[in-house]
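The values are calculated or read from the model by the stated rules, or taken from the named source; none is laboratory data. All figures in this text were calculated on a predicted structure; none of them were measured in a lab. Positions of Cβ are backbone-derived with ideal geometry, glycine not excepted, and every protein chain shown enters the neighbour counts. Heads up: the accessible areas ignore ligands, DNA and RNA and are worked out on the full protein's heavy atoms, side chains in. Shrake-Rupley method; radii C 1.70, N 1.55, O 1.52, S 1.80 Å.
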Amino acid sequence: MFLSVFDIFKIGLGPSSSHTVGPMVAASSLLDVLRRNDTARHMTVTLYGSLAYTGKGHGTDTAILLGLAGQTPDGVNPDVVPALLDEAKQLGCLEQVGLGRVRFDLATDLIFDYGPPLLGHANGMVFKAFDADGTRVAHKGYFSVGGGFVVEATRDSDGNHQLPAEITGLNLDDGPGDVPYPFDSARAMLALGQNHKLSIADMMRANELHLVGTDPGGTSGVHIGPEQTLDKRLDAVWLAMNGSIERGLSHRGTLPGGLSVQRRAADIHDQLVEEHGANSLQPHRVMDWLSVFAMVVNEENAAGGRIVTAPTNGAAGVVPAVIRYYRDQCVGGQASGIRTFLLTASAIGGIIKHNASISGAEVGCQGEVGSASAMAAAGLAAALGGTNEQVENAAEIALEHHLGMTCDPIGGLVQVPCIERNALGAVKAVTAASLALRGEGTHFVPLDECIETMRQTGQDMSDKYKETSTGGLAVNVVAC
């Protein structure tokens, strides 16, 4: 099993990896199918399960429209989205190269089905396309399974769309199996590291180098090798993460969606900067910096800005916040350490995804912020020189103390409690890394057993608490 660091950390658009990024990927993928026969003149899309219940709050309608307009999560410019949407809504159709004009009216052709979800997963969607005579020319189902990953549905003997039988839980094809150091569990990861005398980051780097090509070096024509190419791509992920922090700190005001939630991170950041150098500073002030960086990313996410899934949009603030903490607050913080952080964090994220879930619709927020906190704890421990055993311990501590966390967004929006929850996930990650580094890596609960516990807990959790906004804070706090 191997999931690339660039599968775990994907540059995309807010506010949700499963409800925004995934549907956009599915819709844009369908265009390739339609171009092969060029007869589609009308389209409909039906959303099921969690996509239906919280799709409007998560921007699924916008994502579908953008995907059908040929946009991709990593390519769309957030600044041009409003104009694209206005044009499509006014015309009631989309125009694509190789397809021509296709009727798609958001008011009538996007259907929110509040009945039973599709078989196998809560985030299902079905696309249908018709020719000029009304004859159906395409019929495709997709599942958005968290972190921006999408699976094409199969159909049973009765024609019902379902998650493919070969996919266990939420696991996709876990990438190429011929990498030098494949591992599908923390136990296997530690054994490989011990046998080959390599760190987790070293093994992940070797796996990535097995896949990476060379970069022509842009207009300079100077070719760079795989090592430099990989570093360049890792640096680009961090630059995108840090960009969401800096961009968010330049914005104030009310977040969209109707809850009238105010952006707070920029004001808190200004207070922290103003206090710098004061004679009486509380030692816990460092946690305020962590909180600000985590919150500002998720404010950007809630506003539909560009962020990096880490491993999801709803939990996108944890890893960037802890990296900023490492870079700005830790002795020896440097670019090479950030690369080590990202490689190590993605190894933990891949194990969690393979054996459990990173989807709030499947296992609650323990799978989103809990996974992000475990990844960040592992990344920080590695960047600070921890052993593989200490890294695994850090991830386990962070994940263990998110077990059972529900996903109950008020109004279906990734705002309350999601924004603050990222701040707490970042604080827990730093605490977990610190505790692990104080020990020798031996601990009572192995990470694999903690991940399995999360999977079982999510399986037993009521659907009311899994991103449907039908339980918890979502119903006990009036969204107005």
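Quick notes on this structure:
- Here r is the Cβ-Cβ distance between A132 and Q334 and R0 is 51 Å; the resulting FRET efficiency, rounded to 0.05, is 0.25.
- You can think of it this way: the chain between D463 and D235 has 78.2 nm of extra reach, that is 0.36 nm per residue less the Cα-Cα gap.
- Modelled this way, with points 7 Å down the Cα-to-C-beta line, the labels at A191 and T39 are 5.4 nm from one another.
- Geometric descriptor of segment 287-333, per residue, is 63 Å³ (volume of the convex hull of the Cα atoms).
- Solvent-accessible surface ranking, highest first, for K197, K232 at 1.4 angstrom: K197, K232
- Over the chain, relative contact order from alpha-carbon pairs under 8 Å, at least 6 apart, %: 18 percent
- For the chain, the solvent-accessible area works out to 40 Å² per residue, with a probe of 1.4 Å and every protein chain left in place.
- Relative contact order for segment 347-414, counting Cα pairs under 8 Å that sit 6 or more residues apart, in percent: 35 percent
- Compared with the alpha-carbon gap, the fully stretched path from S29 to R155 is longer by 43.5 nm at 0.36 nm per residue.
- 17 Å tail of the calculated P(r), segment 1-114, as % of Cα pairs: 55 percent
- Taking segment 400-470 and dividing mean pair separation by its residue count, relative contact order in percent (alpha carbons under 8 Å, at least six apart): 64 percent
- Its Kirkwood hydrodynamic radius, worked out from the mean inverse distance over all distinct Cα pairs, puts segment 222-362 at 16.6 Å.
- If R0 is taken as 22 Å, the Cβ-Cβ distance between D74 and D178 corresponds to a FRET efficiency of 0.25.
- Signed unit charges on C-beta, dipole axis of the chain, positive-most listed residue F9, A474, V427: A474
- Hydrodynamic radius (Kirkwood) for the chain, which is based on Cα pairs only, to one decimal in Å: 22.7 Å
- Pairs from the list K128/K232; K140/K466; K89/K464; K232/K466; K56/K232 with a Cα-Cα gap above 30 Å: K128/K232; K89/K464; K232/K466; K56/K232.
- Projected over every direction and averaged, the convex hull enclosing the alpha-carbon atoms of segment 350-405 yields 3.4 nm².
- Pairs of C-alpha atoms in segment 222-277 farther apart than 18 Å represent 58 percent of all such pairs.
- In this label model, V445 and I111 are separated by 4.4 nm, measuring between points 7 Å along each Cα→Cβ vector.
- Sites R438 and L85 - FRET efficiency at Förster radius 56 Å, r taken between beta-carbons, to 0.05: 0.65
- In this label model, R252 and E95 are separated by 4.2 nm, measuring between points 7 Å along each Cα→Cβ vector.
- Cβ crowding within 10 Å averaged over residues, with 350-359, 109-118, 237-246 ranked highest first: 350-359, 237-246, 109-118
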